[in-house]
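Remarks on the structure that follows.
The values are calculated or read from the model by the stated rules, or taken from the named source; none is laboratory data. Not measured: the values here are computed from a predicted model. No Cβ is skipped: glycine too gets one built from the backbone with ideal geometry, and neighbour counts run over all protein chains shown.
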Amino acid sequence: MTVSQPGQLFVVATPIGNLADFSNRAISTLQDVDVIAAEDTRHSKPLLQHFGIQTPLLSLHEHNEQQRSELLLQRLQSGESVALISDAGTPLISDPGYRLVSLVRSAGIKVLPIPGSCALIAALSASGIASDKFRFEGFLPPKTGARRQQLDSLKHEEHSLIFYESPRRLLDTLQDCVDAFGAERRACLARELTKVHETIETRPLAELRDWVSADQNQQRGECVLLIEGAETAQSADEQEIMRILGFLLEELPVKKAAAIAAAITGGKKNEAYQLALKLQQK
Ligand code: SAM
């Protein structure tokens with residue numbers, strides 16, 4: 001008796017605007033699999049046709065994901081290979097697919113990513129907002145009260161913040177961000193990425209709000225909003241060293257001021273020196 005090998009599930013990113021961003025590997029994977037699970041089959045058909053992909057499609061969206069995942073698991077177990085795509089960008093990122101991937105992995109079947117476009121990563125990479133640590137929050141709640149509450153809960157977050165937002169709510173959200181994070185916090189609006197009207201604008205929040213408000217065109221299309229993280233909170237010791245350094249630096253060179261501040265507070269000379277340099281740059 002021959003036992004068929006299980007298939008594999010490929011999680012395939014599609015372009016977020018510019019078709020040239022579709023990778024060769026993504027295209028050949030979609031051509032080779034037995035079935036493509038797509039968020040919206042009607043939406044994906046023109047893209048697939050454009051690249052000569054004739055693989056049968058099956059819908060998998062938030063309302064049928066549970067039941068479709070079980071069906072796809074059976075097909076994988078019987079040896080078929082499956083690809084998952086969403087309308088645009090990377091599946092599972094504010095898009096369906098998590099339940100399928102989780103079910104398939106827990107059944108011991110291989111899941112392989114075919115990486116490509118993702119709006120939040122494209123936006124972050126070109127925004128000028130710190131990219132070393134960031135927190136992706138997906139879509140904010142559409143209702144004003146819940147949105148304000150969520151933004152307020154994030155005001156001390158030190159990581160850069162990234163949101164997907166509808167253009168219809170963009171201005172209201174920018175105003176709520178000014179209220180939560182302050183007028184001076186830097187932010188970036190990344191709109192229509194990789195498309196003809198691509199705009200990436202980074203300014204202090206209040207300026208960004210006024211700029212968007214003055215131009216109706218900035219309230220159209222698809223957008224990502226990025227907000228600089230809160231300044232790192234200083235420990236009480238650091239605050240004390242900074243206070244002392246503030247006086248000493250008016251009269252003394254950095255090295256001398258740092259040595260005296262360290263001696264007074266019992267802190268380390270090198271740390272006081274770094275803080276003194278920071279103070280001098282302000
Ligand atoms: N899975 C997608 C990804 O990898 O980015 C995101 C899907 S989510 C349903 C759609 C949202 O992503 C849009 O409302 C917008 O916030 C953002 N987005 C998608 N394409 C974009 C683009 N070309 N420019 C700016 N934002 C985009």
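Here are some notes:
- Taking region 142-161 as the range and being outside any loop (DSSP other than H, G, I, E, B) and either of a type in the set (S, T, N, Q) or more than 16 Å from the ligand (Cβ to nearest atom) (or both) as the test, the residues that pass are THR144, GLY145, ALA146, ARG148, GLN149, GLN150, LEU151, ASP152, SER153, SER160.
- Residues in region 110-161 that are small (Gly, Ala, Ser) and free of Cβ contacts under 8 Å to residues at least 12 places away in the same chain: SER125, GLY145, ALA146, SER153.
- In region 173-189, residue surrounded by the most Cβ atoms within 10 Å (Cβ to Cβ) [restricted to those that are under 19 Å from THR199 (Cα atoms) and free of Cβ contacts under 8 Å to residues at least 60 places away in the same chain]: ALA187
- Counting only strands (runs of 3 or more DSSP E) that sit completely within region 30-133, those holding 2 or more residues that are within 16 Å of the ligand (Cβ to nearest atom) and in contact with a helix residue (DSSP H, G or I) (Cβ under 8 Å, 6 or more places away or on another chain) correspond to 35-38, 82-85.
- Selected residue (only one of SER106, SER81, SER94, SER86 is modelled with pLDDT of 95 or more and more than 16 Å from VAL12 (Cα to Cα)): SER106
- Taken over region 245-265, the residue count meeting the criterion of being of a type in the set (Gly, Ala, Ser) and within 17 Å of GLN234 (Cβ to Cβ) is 4.
- Scanning region 208-247 for residues that are of a type in the set (S, T, N, Q) and within 30 Å of PRO167 (Cβ to Cβ) yields SER213, GLN216, ASN217, GLN218, GLN219.
- Failed item, numbered, when PHE139 is tested on (1) more than 12 Å from the ligand (Cβ to nearest atom); (2) surrounded by fewer than 18 Cβ atoms within 10 Å (Cβ to Cβ); (3) within 22 Å of LEU205 (Cβ to Cβ); (4) not charged (D, E, K, R): (1)
- Some residue of region 208-219 being over 17 Å from the mean Cα position of the chain (by Cα), of a type in the set (Phe, Trp, Tyr), surrounded by 15 or more Cβ atoms within 10 Å (Cβ to Cβ) and at pLDDT 95 or above: no
- Region 216-254, residues that are over 23 Å from ALA206 (Cβ atoms), β-branched (Val, Ile, Thr) and within 16 Å of the ligand (Cβ to nearest atom): none
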